[in-house]
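First comes the structure, then the notes that go with it.
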Amino acid sequence: MLKRIVVCFTAALAAASLLGAAPRISGKPVGSEARFVRSIQADLIHRFPTAADAEKAGYVRYTREDSTGAISYANREWQSADPQHPSQLWYDVTGNLLGADFSVLQSGSAKAPHLWGVNPARWITIPAHIHYVSTDPQTKADAYGGMRLSRFTAAGGDPQHPSADTLVKAGAIKDASVVKTVFLFPAIWDLIVWVKPNPNGAFAERNPNVIPSKSAEKESM
């Protein structure tokens, strides 16, 4: 849930520094938005009820648990063709589905998208950046990191073909062999929707029915 989002750079880099201002409208869906929310809730909870289901479908975990209690998985396909194809899914620490992100590339849309009956003001902008996942060779535990695009390119990296070697040159890691995945998160318009029922509304930032664990990030992702 890059909102949270669904943006994990480092523990010190909160998404608030990366995202556009959150929409100042109610989180509760109105009119055609309610139909959109009902449709994705019925569909996604059926197809992707657990994190394991998301991974089987090609989604890759790339964040720690954020301050809303969400852990984000991305399929690295940043143009959501329809409500059945979210670019991200997010789960709680026990692997239960919480919500989804839909995205549209900014390169193809200068203005906020007007899709699926959703108020365009609900879409936020996320700038391009790099994400990577590495594994500790001793503990086998995964770590989730990110990097501003300017730092990555300053180290000689090609954002369209990011490599672990560039992460080493940038000083983010010491050994390229520990990197499981590295990818470009392009500049997108992003729509965040709770699939888990939320008394504050499906478009709200937080869900009082979701209690983050003690190890959750203190800042929104």
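The values are calculated or read from the model by the stated rules, or taken from the named source; none is laboratory data. As the structure is a prediction and not an experimental result, all values here were calculated from the model. With ideal geometry, Cβ positions are generated from the backbone for all residues, glycine too; neighbour counts draw on all protein chains shown. Accessible surface is based on the protein model in full, side chains and every heavy atom, while ligands, DNA and RNA are left aside. Shrake-Rupley method; radii C 1.70, N 1.55, O 1.52, S 1.80 Å.
Just the residues that are of a type in the set (A, V, I, L, M, F, W, C) and in contact with a helix residue (DSSP H, G or I) (Cβ under 7 Å, 6 or more places away or on another chain), please, taken from the stretch 76-93. Result: LEU89, single match. Test PRO212 against the stated conditions and say whether it is within 24 Å of ASP101 (Cβ to Cβ), open to solvent by less than 70 Å² (accessible area, probe 1.4 Å) and touching a helix residue (DSSP H, G or I) at 6+ places or on another chain (Cβ under 8 Å). No.
Examine the stretch 121-132 for a residue that is over 30 Å from ALA176 (Cβ atoms) and part of a loop (DSSP other than H, G, I, E, B), and state whether such a residue exists.
Here is the first cut: in the stretch 121-132, the residues over 30 Å from ALA176 (Cβ atoms) are 121-125.
The next check asks that each one be part of a loop (DSSP other than H, G, I, E, B); those that pass are 123.
Checked the stretch 121-132: at least one residue is over 30 Å from ALA176 (Cβ atoms) and part of a loop (DSSP other than H, G, I, E, B).
Scan the stretch 145-160 for residues that are buried (at least 19 other Cβ atoms within 10 Å of the Cβ) and part of a strand (DSSP E or B) and report the count.
Our first condition is that a residue be buried (at least 19 other Cβ atoms within 10 Å of the Cβ); within the stretch 145-160, this holds for 145-147, 152, 157.
Remaining after also requiring part of a strand (DSSP E or B): 145-147.
Counting residues in the stretch 145-160 that are buried (at least 19 other Cβ atoms within 10 Å of the Cβ) and part of a strand (DSSP E or B) gives 3.
Scanning the stretch 95-128 for residues that are open to solvent by less than 60 Å² (accessible area, probe 1.4 Å) and of a type in the set (Phe, Trp, Tyr) returns PHE102, TRP123.
Scan the stretch 181-197 for residues that are outside any strand (DSSP E or B) and surrounded by fewer than 22 Cβ atoms within 10 Å (Cβ to Cβ) and the total you get is 4. For the stretch 83-124, how many residues meet the condition of being closer than 25 Å to PRO199 by Cα and either modelled with pLDDT under 95 or of a type in the set (D, E, K, R) (or both)? Within the stretch 83-124, residues that are closer than 25 Å to PRO199 by Cα and either modelled with pLDDT under 95 or of a type in the set (D, E, K, R) (or both) number 3.
The number of residues in the stretch 152-167 being over 21 Å from the mean Cα position of the chain (by Cα) and over 16 Å from VAL133 (Cα atoms) comes to 6. Is one or more of the residues making up the stretch 161-180 farther than 24 Å from ILE124 by Cβ, in a loop (DSSP other than H, G, I, E, B), touching a Leu at 6+ places or on another chain (Cβ under 9 Å) and open to solvent by 30 Å² or more (accessible area, probe 1.4 Å)? Yes.
Could you check the stretch 52-87 and list, in sequence order, the residues that are of a type in the set (Gly, Ala, Ser) and part of a loop (DSSP other than H, G, I, E, B)? Can you show your working first?
Residues of the stretch 52-87 that are of a type in the set (Gly, Ala, Ser), as a first pass: 52, 54, 57-58, 67, 69-70, 72, 74, 80-81, 87.
Hits for the stretch 52-87 are ALA57, GLY58, SER67, GLY69, ALA70, SER80, ALA81, SER87.
For beta carbons closer than 9 Å, sequence separation of 6+ or different chains, a first residue in the stretch 41-55 that is within 13 Å of TYR73 (Cα to Cα) and a second that is small (Gly, Ala, Ser) and surrounded by 15 or more Cβ atoms within 10 Å (Cβ to Cβ), the qualifying pairs are PHE48/ALA54; PHE48/ALA100.
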